[in-house]
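Read through the structure below, which is laid out as structure tokens, and then see the notes.
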Amino acid sequence: MKKTVNEIYWLRCIACLSIVAIHSITSGLEFFANYSSDETKRILSSMQMGLMYATPTFIFISEFLFAKNYASGVPKGFLKTRVKALLIPYVSMGMVFAFAFNRDGTFESFLMQFANNIFLGQFIGYFILIIFQFYFLHMLFYKQLSRWSPKKVLPLAFLVNALYLAVFNFYPVPEGLFYAYIWDRGHWLLFGGWIFYFVLGFYCGKYYDEFKQLLHRYWFVVCALPIFCVVAVIMLRNVGLPEVISSKRIDVMLYTTSFLFFIILVSSKIQRVPSPVLFISKYSFNIYLIHHLIVWKLGVVSHDIVMHMLFVFIFSLLGSIVIASIFSKIPYGHYVVGRVLKVPEERKGHTGVAV
């Protein structure tokens, strides 16, 4: 039987809520751009920067569970199962987003947007294309990674990841539409921009007990580092190094790592996972796929920017859960909005039923 750990439920829940919060803040900044002071915009942008660990955390979780559950190899039918669970909903939601944001209202425009969504990852589901790249990398290299020393592979992966991001963070965009797309969004889709989280997830999952012992041994550093990193990330962004608010920044790599270690350390000391954490974790994939559609279809819901963001956050979160719950009761509905994850009703101890 596959097993998981309490800490993953916490990570998945926090990362999911953070992604919804990021887009809720973006909604506020977009709709209230002409009515907010520079100070308000600066505070909200800093809050967004502080949440940029969210997407990398999901990559870490994916490989962590892969390495922990399939240490001896990849089970038969793994890819077929993942195609059904991830790729088909990716295509389905790519179609939904193309229809919802078909501004011209023509069939040709819909087809173009649908093709862009599926092949260029031009919607929130782009993350799934990255996950599949790492599935293949795991199948190709898990034997080598198992033999190699983490002390050598992790710094190398960090360097490769950092150099890859440095090109798009600091090098000016060459002329041409192709380069404009690559610098703006295209580089997100390639595994080079996320390889460190993949390797980190692999070794943390494979050597989980030893990894957790290290966290407890150096608990003071683990607790202090996220504070230092988030301050550094916000300050660097405010001085334009680089100015973009994104999880695809070099400094976010260190920040995400510190965040992961901190949450795993703290949650490992909590013997029972609260029901709300399990509940959000259960619907995390559905929330990820659906919430962005709700956020941008709501429009302005309050004359106050704070109330607007709060309402958008709550409504998009609960709306995603309701939609996923309804579709889960419809035959083949999980092929549209994704399968609702299975979680136990109660979590005690440190191992249990798989998700």
For a quick check of your reading: which helices (runs of 4 or more DSSP H) sit entirely within region 84-156 and have at least 2 residues that are surrounded by 17 or more Cβ atoms within 10 Å (Cβ to Cβ) and of a type in the set (A, V, I, L, M)? 88-100, 126-147
Please work out if Gly201 is in contact with a His (Cβ under 8 Å, 6 or more places away or on another chain) and in contact (Cβ under 8 Å) with a residue 40 or more places away in the chain. no
For region 240-256, state whether one or more residues are farther than 24 Å from Phe127 by Cβ and over 17 Å from the mean Cα position of the chain (by Cα). yes
Given the options Met112, Met139, name the one that is closer than 29 Å to Asn286 by Cβ and in contact (Cβ under 8 Å) with a residue 60 or more places away in the chain. Met139
With the condition kept exactly as written, say whether any residue in region 24-47 is closer than 22 Å to Ile130 by Cα and not charged (D, E, K, R). no
Look at Pro242 and say whether it is within 27 Å of Ser45 (Cα to Cα) and modelled with pLDDT of 95 or more. no
Checked pairs for region 224-242, first at negative phi, second in a loop (DSSP other than H, G, I, E, B) and crowded, with 18+ Cβ neighbours inside 10 Å, C-beta under 6 Å and 6 or more apart or across chains, list as Val230/Gly50
Among the residues of region 157-180, is there at least one that is surrounded by 15 or more Cβ atoms within 10 Å (Cβ to Cβ), closer than 30 Å to Leu214 by Cβ and aromatic (Phe, Trp, Tyr)? yes
Mind checking which pairs have a first residue in region 157-180 that is in contact (Cβ under 8 Å) with a residue 12 or more places away in the chain and over 18 Å from Phe134 (Cβ atoms) and a second that is surrounded by 13 or more Cβ atoms within 10 Å (Cβ to Cβ) and among the small types (Gly, Ala, Ser), Cβ under 9 Å, 6 or more apart or different chains? Phe168/Gly193; Asn169/Ser246
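Please find, within region 290-310, the residue that is nearest to the chain's Cα centre (by Cα) out of those that are farther than 20 Å from Ala98 by Cα and buried (at least 17 other Cβ atoms within 10 Å of the Cβ).
Residue satisfying both the conditions and the ranking: Met309.
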Is region 331-345 home to any residue that is of a type in the set (Lys, Arg) and closer than 24 Å to Ile25 by Cα? no
Just to be sure I understand, how many residues within region 7-42 are more than 19 Å from Tyr53 (Cβ to Cβ) and either part of a helix (DSSP H, G or I) or without any contact (Cβ under 8 Å) to a residue 12 or more places away in the chain (or both)? 13
Selected residue (only one of Ile264, Ile270, Ile287 is surrounded by fewer than 19 Cβ atoms within 10 Å (Cβ to Cβ) and either outside any loop (DSSP other than H, G, I, E, B) or in contact (Cβ under 8 Å) with a residue 12 or more places away in the chain (or both)): Ile270
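The values are calculated or read from the model by the stated rules, or taken from the named source; none is laboratory data. Please read all numbers here as calculations on a predicted model, not as lab measurements. Here Cβ is always computed from backbone atoms with ideal geometry, including for glycine, and neighbour counts include all displayed protein chains.
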